[in-house]
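Written out below as structure tokens is the structure these notes cover.
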Amino acid sequence: MSATRAQEARAHCAQITREQAANFYYGIRLLPEPKRDALCAIYAFARAVDDIGDGDMDDGAKLAALAEAEVAISHLDPAADDLVIAALASVEERFPLPRDAFLALTAGVRMDVLGTRYERFDDLVVYCRAVAGSIGRLCLAVFGSEHPDAAGLADDLGVAMQLTNILRDVREDALNGRVYLPLEDLRRFAWPGEDHVDAEAIAAVSASAPGSLAALVQFEAARNREWFEHSSRLVSLIDRRSAACVLAMSRIYGNLLERIEARPERILEGRVSLPVAVKARVALASLLWHAA
């Protein structure tokens with residue numbers, strides 16, 4: 001790949017990450033340039049795959065597009081017309097990217113296209129490992145660690161972040177006819193189950209029994225926090241600059257989880273987010289920790 005082409009591919013992925021990775025980019029910015037470029041390329045691919053699943057194509061076209069993405073990732077070509085694939089080919093020259101993690105990601109998005117529902121929490125974890133644990137393992141390949149527990153902890157941290165995303169996006173997902181929270185949990189707290197996943201039904205139950213919403217959120221958040229606490233050991237297994245990145249990402253998600261807990265009804269009003277100032281403070285604190 002020519003230097004000009006490589007620079008174009010890196011810039012393309014960086015732009016996608018800056019514009020669309022509202023939470024991740026604060027951590028990514030703390031990395032040295034080669035690792036920052038690598039994570040931007042990984043994110044850009046993940047974003048493209050997510051966009052297939054969330055797009056307007058019919059299901060058959062989505063499944064075909066996912067299959068094409070799998071072919072592209074299995075044969076990374078530095079001369080590919082797709083700048084994201086070209087960027088990943090360049091990244092692979094420096095970092096040992098696990099191809100199976102990319103394929104796990106596409107398999108997870110395929111579950112979205114097929115409308116998979118999750119009866120038990122263990123079923124949901126399978127999905128979270130596919131769409132987010134895979135990203136954790138790809139990031140670890142860039143961070144670097146020889147500790148035998150590192151890959152599992154990176155995978156678990158991805159699960160923790162995805163569980164937060166699921167709580168954050170309850171209304172948005174319901175509007176799209178999707179439900180990720182375990183059906184056994186919805187039944188336990190008197191929320192709509194498999195046959196009533198539209199946003200209006202969820203809002204009606206919450207209005208008639210607001211305590212059920214708070215109880216559900218508290219239950220899911222407590223379990224989510226256990227995953228964050230368990231996976232936090234990853235920080236001690238990677239270099240401090242990479243650890244600062246992980247700290248920034250996990251702390252931003254931790255703050256987001258606290259915001260949801262503080263007012264559970266937020267999840268029915270729209271996507272819950274953190275003010276930019278809060279995310280910037282978290283990133284700065286993580287950077288100062290690295291420098292200490």
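The values are calculated or read from the model by the stated rules, or taken from the named source; none is laboratory data. Bear in mind that the values here come from a model prediction, so they are computed numbers and not experimental data. Glycine gets a Cβ as well: all are built from the backbone with ideal geometry, and neighbour counts include every protein chain shown.
What to note about this one:
- Residues that are assigned to a helix (DSSP H, G or I) and among the β-branched types (V, I, T), drawn from the stretch 228-242: V235
- Leading residue by the ranking (farthest from the chain's Cα centre (by Cα)) among those in the stretch 1-58 that are in contact (Cβ under 8 Å) with a residue 40 or more places away in the chain and not in a helix (DSSP H, G or I): M1
Yes/no matrix, rows are residues, columns are (1) of a type in the set (S, T, Y); (2) surrounded by 21 or more Cβ atoms within 10 Å (Cβ to Cβ); (3) within 16 Å of the chain's Cα centre (by Cα); (4) not in a helix (DSSP H, G or I):
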site: S212; (1), (2), (3), (4): yes, no, no, no
site: L216; (1), (2), (3), (4): no, yes, no, no
site: R223; (1), (2), (3), (4): no, no, no, no
site: E226; (1), (2), (3), (4): no, no, no, no
site: A244; (1), (2), (3), (4): no, yes, no, no
site: L257; (1), (2), (3), (4): no, yes, yes, no
site: V272; (1), (2), (3), (4): no, no, yes, yes
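- Residue in the stretch 123-138 that is modelled with pLDDT of 95 or more, within 12 Å of the chain's Cα centre (by Cα), in a helix (DSSP H, G or I) and aromatic (F, W, Y) present: yes
- Of the residues making up the stretch 139-150, one or more are part of a helix (DSSP H, G or I) and within 24 Å of D54 (Cβ to Cβ).
- Looking only at the stretch 59-93, and only at residues there that are among the aliphatic types (A, V, I, L, M) and in a loop (DSSP other than H, G, I, E, B), the one that is modelled with the lowest pLDDT: A79
Residues checked against (1) more than 20 Å from V282 (Cα to Cα); (2) out of contact with any helix residue (DSSP H, G or I) (no Cβ under 7 Å at 6 or more places or on another chain):
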{"site": "F24", "(1), (2)": "no, no"}
{"site": "E33", "(1), (2)": "yes, yes"}
{"site": "A38", "(1), (2)": "yes, no"}
{"site": "F45", "(1), (2)": "yes, no"}
{"site": "D51", "(1), (2)": "yes, yes"}
{"site": "D56", "(1), (2)": "yes, yes"}
{"site": "G60", "(1), (2)": "yes, yes"}
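- Enumeration of residues in the stretch 50-60 that are surrounded by 13 or more Cβ atoms within 10 Å (Cβ to Cβ) and farther than 22 Å from Q162 by Cβ: M57
- Residues of the stretch 233-275 that turn out to be polar (S, T, N, Q) and more than 13 Å from S286 (Cβ to Cβ), as a count: 2
- Of the residues making up the stretch 108-122, at least one is more than 18 Å from R36 (Cα to Cα), aromatic (F, W, Y) and either modelled with pLDDT of 95 or more or over 16 Å from the mean Cα position of the chain (by Cα) (or both).
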